[in-house]
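Below is one structure, written out as structure tokens; the observations come after it.
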Amino acid sequence: MPRAEYLGFEQGFLKLPRRRVALQLPKSGEVGIAPTARGRRCAVAICVLIFSSLQLSSAPSQSPEPPPESNSITAKEPITPVPEAATTDPLKTKLGERLFGDTRLSHDNSRSCSSCHDLGTNGAGRNSHDVGLDGSELPLNTLTIFNAALNFRFGWEGKFRTLESHTLASLESPRIMGSSTSEIVDKLEADPGMRRQFAAAYGRGPDAANVSDAIASFERTLVTPGSRFDHWLAGDAAALSADELNGYRLFKSLGCSSCHQGVNIGGNLFERHGIFHPLASPKPEILRVPSLRNVATTPPYFHDGSAPTLDDAVRKMGFAQLNSTLTDQQVNAIVAYLKTLTGNYRGTPVGASP
């Protein structure tokens, strides 16, 4: 039987001890039930290996952790409910919200954080690629900012360990905001109202550290609890229909939950895409697994935005990552389950009009 080697990877954004583990892969000519089951076990094994390496070698996440759950359903499931927003300094949060929508943070005063991360809809946008300052498409699809604070790394490639470092990188990116911290600070310093707000929150005027801290403080409040699935996890047996519950059971039995689990239903490990078959654009090869929270509101899907619908994304993921050709009935059930993951922001379901 062919053998494939998995080596602990070093991609710049993560340093892991090199380890060599032999994985058994199905023969290319095999057909029937056995290759599908064996393929799923292989995909799960890869996820477990990567996750185990991360647990052993990476620093603890600074993202808020959900409180311990005593509910018997939650204790048995690979997914936990979204917690309420962590308590933060209200002055810093209010300042961060103002900065999040302030176009002065971009070099030409043309865009703000909310230009790409629309809090009135899905926390991202509806385009496969947003447009950069130079008018060309950005290389990767914009991820939603909702529940981003629950991830263990930030960005598709997971290059950033904190919200603050991710914020500064976006502000200084020539194609995203095209600014610099010194330019931003000078603009904010020229505004007496901003100086007063910074002084009230931080005891000093604006600087690089407190600009990024204020925005990150606000972003930590952008969690979306209260989905129907979370109600089911909390013990409300009537929260899911029979079809939706069947979709969740399929989600687990097929192997989807080997990568999409935890409080954010993803966001806590890296994975190679296109394990068995090509999935989307080949680069980057290894990505941080995206969260499935509010996934029904965030089309198009994948890092290149190439899947226009949730139905299409589920079919392609099953084939590429699990070596499974899902039936229409299976796809419909899983999509029905995924639609129960939509939570609420400020009392309104994500994706609905405020």
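The values are calculated or read from the model by the stated rules, or taken from the named source; none is laboratory data. No experiment lies behind these values; they were computed from the predicted model shown. Here the Cβ positions follow ideal geometry from the backbone for every residue, glycine too, while neighbour counts run over all protein chains shown. Side chains are part of the model used for accessible areas, which takes the heavy atoms of the whole protein and leaves out ligands, DNA and RNA. Shrake-Rupley method; radii C 1.70, N 1.55, O 1.52, S 1.80 Å.
Of all residues in the range 299-346, which are of a type in the set (S, T, N, Q) and open to solvent by 30 Å² or more (accessible area, probe 1.4 Å)?
306, 309, 323, 325, 327, 329, 330, 332, 342, 344 - these are the residues of the range 299-346 that are of a type in the set (S, T, N, Q) and open to solvent by 30 Å² or more (accessible area, probe 1.4 Å).
Does residue 263 satisfy being touching a residue at least 24 places away in the same chain (Cβ under 8 Å), among the β-branched types (Val, Ile, Thr) and open to solvent by less than 10 Å² (accessible area, probe 1.4 Å)?
In short, no.
Do we find a residue being in a helix (DSSP H, G or I) and either of a type in the set (A, V, I, L, M) or surrounded by fewer than 20 Cβ atoms within 10 Å (Cβ to Cβ) (or both) anywhere in the range 289-298?
yes
Could you pull out the residue among 111, 161, 126 that is open to solvent by 50 Å² or more (accessible area, probe 1.4 Å) and more than 18 Å from residue 213 (Cα to Cα)?
126
Within the range 164-180, track down each residue that is of a type outside the set (D, E, K, R) and either part of a loop (DSSP other than H, G, I, E, B) or open to solvent by less than 20 Å² (accessible area, probe 1.4 Å) (or both).
Selection gives 167, 171, 173, 174, 176, 177, 178, 179, 180.
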